[in-house]
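I have placed the structure first, in the form of structure tokens, so that the comments after it can refer back to it.
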Amino acid sequence: MTTAQGSAIAFQERAGIRRTTNAIRQYALPILIALVFVIASIVVPQFLSFQTIRAILLATAVTGIIAAGMTAITLSGNLFSLGVTASVVLSGVIYISVGSATGNIFVGALAAVLAALVVGIAQGFIVGLGLNPVVVTLAAGAIIYGATAIITGGEVVAARSRELGRFATFAIVGIPLPVFVLVAFTALAWFVTERTRIGRNVHLLGSNKETARNSGISFMGTTIWAFVIFAVGLGVAAVLQVSQTLQVQADNFPELTMNVVAAVLVGGTAVTGGDGSPIKSVIGALFIATVTQIMVLVGVPQGTRYFVLGVIVVVLVVTLHLLRKAGSR
Amino acid sequence: MRPVSTWFARYALQLVVLVIVIVSMYALYPSFRVEASIERLIPLGVIAAGLAVTMIAGEFDLSIASMAALSGALTVVLSGLGLITSVLIAITVCTLLGMLQGWAIAKLGINSLVFTVGTLVLIRGLTWLVCGGLSISIDDITASDIFYGKFLFLSPLSTTGLVILIGLGIFLSRTRWGRELYALGSSRPEAIAAGVRYPRGMVIAFGISAGCGAVGGALTSALSGSAAPNALESMLVAGIAAALVGGISIAGGRGTMINVFLGFAIISVLSAGLAGMGSKAFVSQLFVGIFLLLIVLVEYFIARLGEQGRRSRLRRLAEA
């Protein structure tokens, strides 16, 4: 066998490995969720009930919507936003206040989304200047948290009427509205990031910043668009979240930021940018919600739940990283 | 006196900000005592130092606040062995965990931001398990008394913090392993090509980071005699703010322990002053956020002006 033939065969083998690892990477998480579902419905008696499925979907809705939006930021090569919690609280406070004052939940929701958009665009602008997104969003989170707490005096802001909970209680054929909103927003985020010029620019910028800029793509403009997608999702999710609790306080939802980041990472979107999709992040959120719900049903204490979640995130992130490395070799 | 003037030029921005903060605190609040802020070296100062070491090496350790909480929980759980012993055990265990984390990051070649997001949750979960899901406290409440003495304005804890900062400063600037971290942070491929061992650098950087977090957490718990599963969560933002406000570059390879101390001083004087005036903790959060954002913006514009100046000089040279 000549060396040329040998290297050709080696190349083919490598291509084969690449295809296999990429296939695993593509379908690993959906298969894993299916497996967890099957095992849980056999082992855990109450698992396969309408009630449980509904709870899992509801838990996925808020995290999933924000994760789908955040995927745009990650795809554009700007890592992720670490100020989710503060912005959700701000939007929640505005939804309750404006909704209570006007008596119209749609006006309240619109105001909440607008507030999220304003702080989102401001952050997108600063990140677009070329500053580190992790630092900017952490700082912005601290500022928004501080400002919200000062304005509300750190007190609980409660809805004056149950009317404000309509977004969460309204259901079609037994499935609550947040689940439909999740599907609609994910479809929208997918469409924008995969089928529009903005999305193409986001992908290009994330894959290769220098080449993208040299071919005339505006870093500032694209980054702001990514933050707009994120902020719309965040505002909508905040309305849905607060509709469920009917009250909000500055210290609420401390674990939300990390849950969203974990959903994006577990879903398999590359943190370096350019590779991933909002749908993957929602599947990541679904996986985390499913595992959490199973642990709640089995009666695992909160500390252990947190620990297991950490193990899952680390193991999945490392596995995906190794698969990606093998696939690109 | 050239070295002195360059020293001042290097830290000018931070020194000016520090003076402004101290003066305005005294103006707003005459009974303010600036030396009291130094007590915040534990945990804020050492956590900022730990974050700074990983930033200098071009990495990011988001798990440091969780590590501090774990160390605090271990200290309280093991306090039956004697408080000093339990503090030392907690710090050793957490440092080893950090070294393991650094080794894993180097071997996997994974982005440390991604990996430590995972371990942030994982180590917090471990803390929940160690605490048994509840706030816990030391049985012998007099055990903490040894930490309360005072010499001038220094307590045993703030002295420990200062010693750690000075020790790390000497390590980073005077030893080979320390200088290798700067090389890894500023131009990694060249550093590795020149023979710097990347895995060793990661083990050292994340070991130091976890160790610093552990010192902060263990001593905080030893002083208060208690630990909680969700303790010290705000230290991540505050620590990052202190390191960056001090002038550590998040891009890696730039900054010293003097930067860390100045950044720590600015943030702690600010929070101590606001707390002294009776403001709630969220007011100081607001100011910490504003400071962090302002300082990165100012540095960005200074860098941009420098770049423009360099370009126009080149243009003039080209025309001449």
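Every number in this text was worked out from the coordinates using simple rules, so none of it is lab data. Since we're looking at a predicted model, the values are computed, not measured. Because the Cβ atoms are built from the backbone with ideal geometry, glycine has one as well, and the counts that use them run over all protein chains shown.
Structure data summary
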read-out: Helix axis angle, B:44-56 relative to chain B longest principal axis, alpha carbon, degrees; value: 40
read-out: Cα lying deepest toward the dipole's positive end in segment B:36-233, options B:THR175, B:GLY125, B:ALA227, charges on Cβ; value: B:THR175
read-out: Likely footprinting exposure, A:MET220, A:MET70, B:MET67, A:MET295, fewest C-beta neighbours within 10 Å first; value: A:MET220, A:MET295, A:MET70, B:MET67
read-out: Among B:ALA36, B:ALA49, B:ALA272, residue whose mean-square fluctuation peaks in a GNM of chain B (springs only between Cα atoms under 10 Å); value: B:ALA36
read-out: Whichever aspartates and glutamates have a C-alpha closer than 14 Å to that of A:LYS325, once near sequence neighbours (fewer than 8 apart) are set aside; value: A:ASP275
read-out: Cα→Cβ-extended label distance, 7 Å offset, between A:VAL118 and B:TYR148, nm; value: 4.9
read-out: Vicinal HN-Hα couplings computed from phi for segment A:67-76 (Karplus, 6.51 cos²θ - 1.76 cosθ + 1.60; Hz; Gly/Pro x); value: 5, 4, x, 5, 4, 4, 5, 5, 4, 7
read-out: Protection proxy ranking, peptides A:135-143, A:51-59, A:13-21, average beta carbon neighbours within 10 Å, highest first; value: A:135-143, A:51-59, A:13-21
read-out: Segment A:LEU322-A:ILE172, extension gain: residue separation times 0.36 nm, minus the distance between their alpha carbons; value: 49.8 nm
read-out: Using alpha-carbon coordinates, inclination of helix A:3-43 to the longest axis of chain A, degrees; value: 30
read-out: Net charge, B:ALA205 excluded, C-beta distance under 11 Å - Lys, Arg +1, Asp, Glu -1; value: -2
read-out: Radius 12 Å from Cβ of A:ALA270, net charge of other residues (Lys, Arg +1; Asp, Glu -1); value: +3
read-out: Relative contact order computed over chain A (Cα-Cα under 8 Å; 6+ residues apart), in percent; value: 34
read-out: Whole-number percent relative contact order across chain B, with pairs defined as alpha carbons under 8 Å at least 6 apart; value: 34
read-out: Chain A shape via C-alpha gyration tensor axes, a/c threshold 1.5; value: oblate
read-out: Peptide B:277-286, shielding by other chains (average Cβ, 10 Å cutoff); value: 5
read-out: Estimated vicinal HN-Hα couplings, Hz - segment A:118-131 in sequence order (Karplus 6.51, -1.76, 1.60; Gly, Pro = x); value: 4, 5, x, 5, 4, 5, x, 4, 5, 5, x, 5, x, 7
read-out: Shape category assigned to segment B:36-233 from the gyration tensor of Cα positions, a/c cut at 1.5; value: oblate
read-out: Dipole in debye (nearest 20) - chain B, about Cα centre, beta carbon charges: Lys, Arg +1; Asp, Glu -1; value: 1280
read-out: Summed side-chain charge close to B:ARG124 - residues other than B:ARG124 whose Cβ falls under 11 Å, Lys, Arg +1, Asp, Glu -1; value: -2
read-out: Rounded to whole Hz, the Karplus (6.51, -1.76, 1.60) HN-Hα couplings of segment A:144-159, x for glycine and proline; value: 5, 4, x, 5, 4, 5, 5, 5, 8, x, x, 8, 6, 9, 10, 6
read-out: Zone residues, segment B:237-272, relative to B:ILE20, backbone N less than 15 Å from point 7 Å out along Cα-to-Cβ; value: B:245-247, B:263, B:266-267, B:270
read-out: B:LEU96 paired with A:THR196, simple spin-label distance in nm, labels 7 Å along Cα-to-beta-carbon; value: 5.4
read-out: Rounded if a/c under 1.5, otherwise prolate or oblate - the protein assembly as shown, Cα gyration tensor axes; value: rounded
read-out: Segment B:257-320: trypsin sites (Lys or Arg not before Pro) in DSSP loop, at most 13 other beta carbons within 10 Å; value: none
read-out: The protein assembly as shown, dipole about Cα centre (Lys/Arg Cβ +1, Asp/Glu Cβ -1), debye to the nearest 20; value: 1860
